[in-house]
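Everything on this sheet refers to the single structure shown next.
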Amino acid sequence: MIIQRVVLNSRPGKNGNPVAENFRVEEFSLPDALNEGQVQVRTLYLSVDPYMRCKMNEDTGTDYLAPWQLAQVADGGGIGVVEESKHQKLTKGDFVTSFYWPWQTKAILDGNGLEKVDPQLVDGHLSYFLGAIGMPGLTSLIGVQEKGHISAGSNQTMVVSGAAGACGSLAGQIGHLLGCSRVVGICGTQEKCLFLTSELGFDAAVNYKTGNVAEQLREACPGGVDVYFDNVGGDISNAVISQMNENSHIILCGQISQYSNDVPYPPPLPPAVEAIRKERNITRERFTVLNYKDKFEPGILQLSQWFKEGKLKVKETMAKGLENMGVAFQSMMTGGNVGKQIVCISEDSSL
Ligand code: NAP
């Protein structure tokens with residue numbers, strides 16, 4: 001059977017911005033027969049994520065991420081439906097997901113590497129398993145729980161950068177749910193600011209592309225900052241950290257502003273900001289969601305419950321078609337998304 005797949009066409013270079021043309025679509029022949037333990041799946045939705053920028057380099061700079069190879073199929077979060085199965089625990093019609101789903105319209109996969117999901121958890125919105133009720137949701141929830149030190153009733157102010165994206169939009173809402181009295185988002189457009197305050201319940205939002213971030217933050221956080229969910233790093237984070245209170249906490253989720261620069265992860269703070277951090281005893285510990293696998297199952301149930309109760313609002317930006325994986329990735333890396341950027345590969349989840 002002939003299917004389509006997306007391979008890495010070229011590398012952007014350690015200091016280059018990724019573009020859609022770094023990927024190309026090609027046709028590929030899928031083997032006709034399954035081996036024992038394998039399943040044939042049809043891809044429904046694929047995820048594009050910032051960490052993939054590191055996989056585009058020859059050396060990803062981290063031990064838990066392997067680089068994509070030139071001319072080889074790319075992979076990442078994906079969900080699909082089982083069309084044929086030679087795996088004991090999976091049957092035709094099951095919905096399955098994986099962090100290592102190949103960017104293909106169909107694939108033959110080892111059933112042991114797949115996780116069966118229950119569509120009821122997401123009220124049938126299967127793509128949510130790649131966002132709010134999946135890895136980004138778990139990142140926000142576990143990150144806030146493990147590194148945020150939020151204690152309800154103690155009048156804490158939380159700031160979130162990258163606030164209108166997949167993790168940020170959830171982290172701010174979770175901050176409120178766990179007891180922060182004030183949540184302020186930082187993002188790149190007025191439309192996103194309005195989305196945060198009018199739809200997600202953020203108390204204020206700052207557009208980092210217009211005006212002075214430090215000044216806007218001072219106005220939005222009159223009592224200083226107690227918890228900072230950092231998705232971006234760089235100048236934005238330097239401005240936030242400078243306004244953090246004593247004994248406050250940074251949740252070091254990601255540093256997207258630095259991913260196309262050849263710097264170590266996490267990038268060290270500039271000396272003056274590091275001095276402030278030390279003087280005020282502000283914690284900034286590395287956080288990787290994959291280190292908390294034992295918390296995934298209860299985390300998914302919690303996120304699903306909040307979603308069903310209407311306490312966690314979920315937003316997606318949906319691109320369409322395998323041929324648009326590269327376009328969607330470039331768009332997400334440059335702020336084209338509100339909420340989670342997803343690519344719909346096949347809309348039909350029936351067999
Ligand atoms: P996302 O926020 O949905 O998308 C990326 C967003 O980053 C864009 O929409 C853009 O929004 C913003 N951005 C891009 N370049 C920027 C820059 N130079 N300065 C400021 N903002 C910039 O992506 P996500 O999947 O939720 O990931 C967010 C962060 O979490 C990333 O750093 C990612 O690596 C990290 N992460 C960490 C873990 C973990 O285990 N620690 C797991 C998942 C994700 P604007 O319009 O606001 O610029």
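For residue 116, the lysines whose Cα comes closer than 18 Å to its Cα, not counting residues fewer than 8 places off in the same chain, are 86, 89, 92, 106, 293, 295. The charge dipole of the chain, taken about its Cα centre with unit charges on the Cβ atoms of Lys, Arg (+1), Asp and Glu (-1) only, comes to about 400 debye.
Here the chain exposes an accessible surface that is 48 percent carbon and sulfur, computed with a 1.4 Å probe and the other protein chains kept in place. The gain in end-to-end length when the residue 272 to residue 309 segment is fully stretched comes to 8.9 nm, 0.36 nm per residue minus the alpha carbon separation. Using 0.36 nm per residue and subtracting the Cα-Cα separation, the extra length available between residue 110 and residue 293 on full extension is 63.9 nm.
Largest mean-square fluctuation among 77, 172, 234, in a Gaussian network model of the chain whose springs join Cα atoms under 10 Å apart, belongs to 234. Here the gap between residue 118 and residue 91, fully extended at 0.36 nm per residue and compared with their Cα-Cα distance, gives a gain of 8.4 nm. Residue 175 sits among other residues whose Cβ lies under 15 Å from its own Cβ, and their net charge, with Lys and Arg +1 and Asp and Glu -1, is 0. Let me make sure I get this right: for region 1-68, a, b and c are the square roots of the gyration tensor eigenvalues over alpha carbons, sorted descending. Under 1.5 in a/c it's rounded, otherwise prolate if a/b > b/c, else oblate. Which is it? Judged from the Cα gyration tensor, region 1-68 comes out prolate (a/c at least 1.5, a/b above b/c). Within the chain, the longest run free of trypsin sites (Lys or Arg not before Pro) that sit in a DSSP loop with at most 16 other Cβ atoms within 10 Å is 93-208.
Each of 327, 188, 77 was placed along the dipole of the chain (beta-carbon charges, centred on the mean Cα), and the one lying farthest toward the positive end is 188. Which one of 204, 272, 132 has the biggest mean-square fluctuation once the chain is modelled by GNM with Cα springs under 10 Å? Top of the fluctuation ranking is 272. Considering the options 138, 155, 46, tell which one lies farthest towards the positive end of the dipole of the chain, charges being +1 on Lys and Arg and -1 on Asp and Glu at the Cβ, about the Cα centre. Looking along the dipole axis, the top candidate is 155. Listed by chain and number, the lysines whose alpha-carbon sits under 16 Å from that of residue 209, ignoring those within fewer than 8 places in the same chain, are 192. So how far, in whole Å, is the C-alpha centre of region 119-154 from the one of region 260-332? Result: 11 Å between the Cα centres. Excluding the site residues themselves, the longest part of the chain lacking any GluC sites (Glu not before Pro) in a DSSP loop with at most 11 other Cβ atoms within 10 Å is 59-308. Modelled spin-label separation between residue 265 and residue 84, with each label point placed 7 Å from Cα along the Cα-to-Cβ direction: 3.8 nm. Taken about its Cα centre, region 1-124 carries a charge dipole of about 180 debye when Lys and Arg each add +1 at the Cβ and Asp and Glu each add -1 at the Cβ.
Straight-distance candidates among the lysines for linking to residue 14, with alpha-carbon spacing under 17 Å and chain neighbours fewer than 8 residues away dropped: 55. Per residue, the chain exposes 44 Å² of accessible surface when a 1.4 Å probe is rolled over the protein heavy atoms with every protein chain present. The phi torsions of region 85-93, fed into the Karplus equation with coefficients 6.51, -1.76 and 1.60 and a -60° offset, translate into couplings of 9, 10, 10, 4, 9, 10, 10, 3, x Hz, rounded to whole numbers, with Gly and Pro shown as x.
The values are calculated or read from the model by the stated rules, or taken from the named source; none is laboratory data. What you are looking at is a predicted structure, and each value in this text was computed from that prediction instead of being measured. No Cβ is skipped: glycine too gets one built from the backbone with ideal geometry, and neighbour counts run over all protein chains shown. Quick note on the areas: whole protein, heavy atoms, side chains included, nothing else; ligands and nucleic acids left out. Shrake-Rupley method; radii C 1.70, N 1.55, O 1.52, S 1.80 Å.
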